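Quick notes on the structure that follows.
Taken together, the values in this text are just the output of simple stated rules run on the coordinates, not laboratory data. Keep in mind that this is a model prediction, so the values were computed, not measured. Cβ placement follows ideal geometry from the backbone for every residue including glycine, while neighbour counts extend to all protein chains displayed.
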Amino acid sequence: MKQSLTTAAAILLALPALAQDDSGRAETMAADRQPTDLFADDTITGEEGHEVYGAVCAGCHMPDGQGAVGAGNYPALAGNPNLEFASYPIYIIVNGQGNMPPLGPVMSDEQVVAVTEYIQTSFGNDYEPDATIEAVQTARPADPDATTGEH
């Protein structure tokens, strides 16, 4: 899954780098740059919960946390009682479930805590933020390349 996400992202990011020459052929503007170079570091940037949410989660769960239905079913985070205790969202964020890929391999413990606390206290949610580094470490599989999600 991680490789297919990386490959798909590389293709999407490479599209703007293509230009039409006079013959109508597409040519790479930066011929010395390989698409895989774009993803040499496959971690997610940002440390604040709203930054991580905006970069990773909002595309499916929507910027307002209302969720979406389309190519998959992405549950609303707004008013979601499953967010009351951090152990559930931490486990899902790290390991994935259903349409959500496991993000544990690309997120630091601190990022998981930050985004968990963000969703517990945003979108009208008023849960007591209770995420900890220890809870994230407990949710991580013993084998860093393994996940317990469906992906």
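Some observations on this one:
- Those residues of region 105-122 whose amide nitrogen sits under 18 Å from the label point placed on Gln66, 7 Å along Cα→Cβ: 122
- Asn99 versus Asp130: modelled label distance in nm, points set 7 Å from Cα along the beta carbon direction: 2.9
- Residues in region 79-100 reached by a label modelled at Asp143 [backbone nitrogen below 19 Å; 7 Å Cα→Cβ]: 94-97
- In this structure the amide hydrogen of Asp130, modeled in the peptide plane, comes within under 5 Å of the amide hydrogens of Ala86, none closer than 5 places in sequence on its chain.
- Estimated translational diffusion coefficient (Stokes-Einstein, Kirkwood radius over Cα pairs, 10 °C, 1.306 mPa s) of region 41-151: 115 µm² per second.
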